[in-house]
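What follows is one structure encoded as C-alpha cells, with my remarks underneath.
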Amino acid sequence: MQKRLQTPKPLSAIQSYGLAVLSVSVALGGALVLEHYDFRGVEFPIFLFAIAITVWYAHMQAAVLAIVLGALAFNYFFTEPLHTLYVTRSELPYYFIFVLFASLLTWFTAVRRRVELELLRARDELEREVAERTQQASLLDLSHDSISVRGMDDVITFWNRGAEELYGWKGGEVVGKITTHHLLQTVFPAPLEDINAELLSTGRWEGEIEHTKADGSRVTVTSRWSLRRDEQGEAAAILETNNDTTERNRREHEIRTLNQQLGKRTTELETINKELEAFAYSVSHDLRAPLRHMVGFTELLKKHAASLLDDKSQRYVTIILESASRMGNLIDDLLAFSRIGRAETHMTMLSLQHLVQEAVAEVGQDAGGRNIVWRVGKLPDWHGDRSMLRLALVNLISNAAKFTQTRPQAEIEIACMDQKQDQVVVSIRDNGVGFDMKYANKLFGVFQRLHRPEEFEGTGIGLATVQRIVHRHGGRVWAESLVDKGATFFFSLSKSRESDL
Amino acid sequence: MSTLGRILIVEDDPNDVELTLTALDEYKLANEVVVTRDGEEALDYLYCRGNFKTRSNDNPAVLLLDLKLPKRDGLEVLQQIKSDEKLKMIPVVVLTSSHEEKDVVASYKLGVNAYVVKPVDFHEFVNAVKELGVFWALINESPPGSMKKN
C-alpha cells in the first residue's frame, strides 16, 4: 500500500500552549537580534509568522495566547515608548493593525486547517472503502462458481475467476466488450422475455441453461440471476451465478442406467432363483418317490423270495438297497446344500459356546459308545444365523468324529483361535487320519472326497455346505493337516455383515 | 383290539398306494382303507357324490393326504376340508415326499393335524405308516360322525 499523509494528531493542551509561548519567544528573540543588526520593520511579519505556526499546529486557544503574548512583546519592545506597555497615540493604529492582522491570520488559518482535516478524513474513509470493496471483489474471485455481472444492455461488467475457469475466457477479454448471451450462445429453457419478466418482477430467476465454452464444448449449468436496482429503484445490473452440472447430470444419468441394469439383473437372478427352487422342489419330491419305491419293492422282494434267492442274489439285493439308501442321502444333502444358498439368513446374537456344546452333544450321541475326549475352549457370543452355524458346526465336528473312528482314543478340541473387533476364528482339531495338504483345495468342493467309501462313508457335500454357510457370514474356511497326524479346520466369521454370495 | 376307524388315502402313485397298503396290512390295519387317486375323487368321496353317491354318510377317522396330486392338489383338498363345517373335524395327515418348508408352513396354516415326510428307507416307511394308522385309526378318539368298526 502506498505511503500517504496521515491526519496529524492534535497536540495536547500543554504542548499547544508551550508551542504558543515558544514560537512567540523565538520570534521575539529573532526580532531583537535582527534589530540589533539594524534590520528595522521585520518584527511585524516575524510575530505574524510565529502566530501562524501556532495556529497551524495547535488549537485556537493557544493561538489567542500567542496573539496576546505577541501583542504584549510587540508593544513592550517595538512600539514607542520602548520597554513599557504604554502605547503612544501615534503608535496606536500600528499596534491595532498588528492585532487585527494576527487575528485575521489566525481565523483564516484555523478555517483552512479545519477544511484540510476534513479532506484528509474523507480521503481516508474513501481509501478504506475502496480497500474493502477490493477485498470483497477478490472474495468473489475465490468462488468456485462462475459469477458474472452484466448491465441491462447485457454487456459483461464483471467476470470472476470461476467464470474464467468454467468458460475459458479471461476477464480482460470479455468485460465491457461483449454481451453475455452472445458470448456463451445461451440456450434458455423458456423464452428470454418470460425469464426477464420474472427477473424484473421478483428480482431473481433460477433455471438450467446451456452454454458454449471458449473451446466450443457445451456445458449445462444451474444458473441463478439476481437483479440489482440503483438508488432510484431502476434496474441497473444482473448478477449471474452459474454452477456446472454437466458432470453431475452425466453421473445421475449413469447411475440411473446402472440402476436399471441392476434391476434387470436382479429380476433375472430372481427368475433363476425361482427356477432353481422349482428344480430343488421337484428333486425333493419326484426323485425321492421312485427311490422309495425301489427300496420298498426290493425289500418286499427280499422278503417274499427269500427262499428262492441264492446267496449271490441276496448280495445283489443288499447292494441295491445300500445304493438306493446312499442315493437318498445324496439327495437330502444336496437339497440341504441348495437350501443354504437360497434361504434368507436370520442374523441374531448367539452364543457360539452353546452352539458348539449342542453340536458336540449331537455328534457324541451318534458316535454311540466310542471313546472320544472332547475339549471345548471358551467361545464368544457372535452375530449369525443360528440354524446355519449349528449345521456348519455339526458338519465339522461330525467330520472330526468320523475321521478319528480308527483311533483307540479320539481327541477333538474346539477353540476360539483369534478374536478381533470384527472377526472371530474358530478351530476344530482332531487326532484322526488327516489328509495330504496337496489335496487341500479339493476339500470344500461339492462331491469331493479324499477317502474311499469303504474307508469312510459320506456324500462329499458336508464341507461344501460348511463353506457356503461361512461365506454367507462373510468369513472363510480352511484346513491344515498331516497324513495320519490329525487335521485342524478353521473358520472365520465377520461381524454383522453378509457377504455378497 | 378296540374299534378301528376308516382310513382314507389320497395318493396318485400306484406304487406308493401299494407300499402303504402293504405297510398297513402288516399290522392288520388295511381292512377299512379307502383309496382315492386324486383330489377331485377324494372330495367326491367326502361329499358322497360321483362314484361314492351310494356310500354310507359318515366321515373317515383319518385322511392320509399326498400333496402332489392331479386335478386338485393336496393343499386345495385340505383347504376345502378345513373350510367346510361338516368336514373340518376330520383329522388330516399330510403324507408326502416334500421336505419343503413352504409346504409345511402352508399345510399348518390351513389347519393340518400332522405332517409326515415319507422316509426313503422301507423299514422306516412301514413304521411311519403303521404308527400313523395305529394312532389315528385306533388310539385317537375320532370326532362324532366318523365310522367305527368293532
Given unit charges at Cβ for Lys, Arg (+) and Asp, Glu (-), the dipole magnitude of region A:173-295 about its Cα centre in debye, nearest 20, is 680 debye
Full extension from A:Thr88 to A:Leu142: what is 0.36 nm times the residue separation minus their Cα-Cα distance, to one decimal in nm?
11.5 nm
Rounded Å value of the spacing that divides the Cα centres of region A:316-353 and region A:188-256:
66 Å
All aspartates and glutamates inside 18 Å of A:Lys312 as judged from Cα atoms, apart from same-chain residues fewer than 8 positions distant:
A:Glu299, A:Glu322
Amide H partners (placed H, <5 Å) of A:Glu208, local residues excluded:
A:Ser223
Looking at the P(r) of region A:313-441, how many percent of alpha-carbon pairs lie beyond 19 Å?
61 percent
Check: the protein assembly as shown dipole with +1 on Lys, Arg Cβ and -1 on Asp, Glu Cβ, in debye:
980 debye
Which far-off residues, 5 or more places away or on another chain, put their amide H under 5 Å from the one on A:Arg476, with H placed in the peptide plane?
A:Ser492
Using R₀ = 22 Å, calculate the FRET efficiency as 1/(1 + (r/R₀)^6) where r is the Cβ-Cβ separation of A:Ile14 and A:Ala110; round to 0.05.
0.65
What distance in nm separates the two pseudo spin-label positions at A:Asp215 and A:Asp332, each 7 Å out from Cα along the beta-carbon direction?
7.0 nm
Value of relative contact order over chain A, rounded to a whole percent, pairs C-alpha under 8 Å and six or more apart
7 percent
By the Kirkwood definition, with r running over pairs of different Cα atoms, the protein assembly as shown has a hydrodynamic radius in Å of 37.3 Å
Between beta-carbons, use under 15 Å as the cut-off and find the net charge around A:Arg250, counting Lys and Arg +1, Asp and Glu -1.
-2
For A:Lys213, the lysines lying under 26 Å Cα to Cα, once residues fewer than eight places off in the same chain are dropped, come out as A:Lys170, A:Lys177
Given points 7 Å out from each Cα along the Cα-Cβ axis, report the A:Glu270 to A:Val376 separation in nanometres with one decimal.
4.2 nm
What FRET efficiency comes out for B:Thr54 versus A:Ala306 if R0 is 45 angstrom and r is the Cβ-Cβ distance? Round to the nearest 0.05.
0.55
Of A:Lys303/B:Lys130; B:Lys28/B:Lys102; B:Lys102/B:Lys130; A:Lys302/A:Lys442; B:Lys82/B:Lys130, those spanning more than 28 Å from alpha-carbon to alpha-carbon
B:Lys28/B:Lys102; A:Lys302/A:Lys442
Alpha-carbon spread of region B:100-142, three principal axes, descending order, Å
30, 27, 6
Quick one: which residues, 5+ away or cross-chain, put their amide H under 5 Å from the amide H of A:Phe158? H built at 1.01 Å from N.
A:Val149
Could you pull out every one of the lysines with an alpha carbon less than 28 Å from that of A:Lys438, ignoring same-chain neighbours closer than 8 positions?
A:Lys402, A:Lys485
For region A:378-385, take each phi angle, set θ = phi - 60°, evaluate the Karplus expression 6.51 cos²θ - 1.76 cosθ + 1.60, and give the result in whole Hz per residue in order, putting x for glycine and proline.
7, 10, x, 7, 8, 9, x, 8
If exposed means GluC sites (Glu not before Pro) lying in a DSSP loop and surrounded by at most 10 other beta carbons within 10 Å, then the longest stretch of chain B lacking such sites spans residues B:1-84
Charges only on Cβ, +1 for Lys and Arg, -1 for Asp and Glu: so what's the dipole of region A:376-487 about the Cα centre, in debye to the nearest 20?
260 debye
So, counting K/R as plus one and D/E as minus one, what does the shell of residues with Cβ under 12 Å around A:Thr298 add up to?
0
Using the alpha-carbon centroid of each, what span in Å lies between region A:381-406 and region B:105-122?
28 Å
Normalised contact order of chain B, rounded percent, pairs of Cα under 8 Å and 6 or more residues apart
32 percent
Calculate the length of the line joining the C-alpha centroid of region A:438-481 to that of region B:59-75, in whole Å.
41 Å
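Coordinate-derived values only; no laboratory data. Model, not experiment: these values are computed from the prediction. Neighbour counts are summed over all protein chains in view; Cβ atoms, including those assigned to glycine, are modelled from backbone coordinates with ideal geometry.
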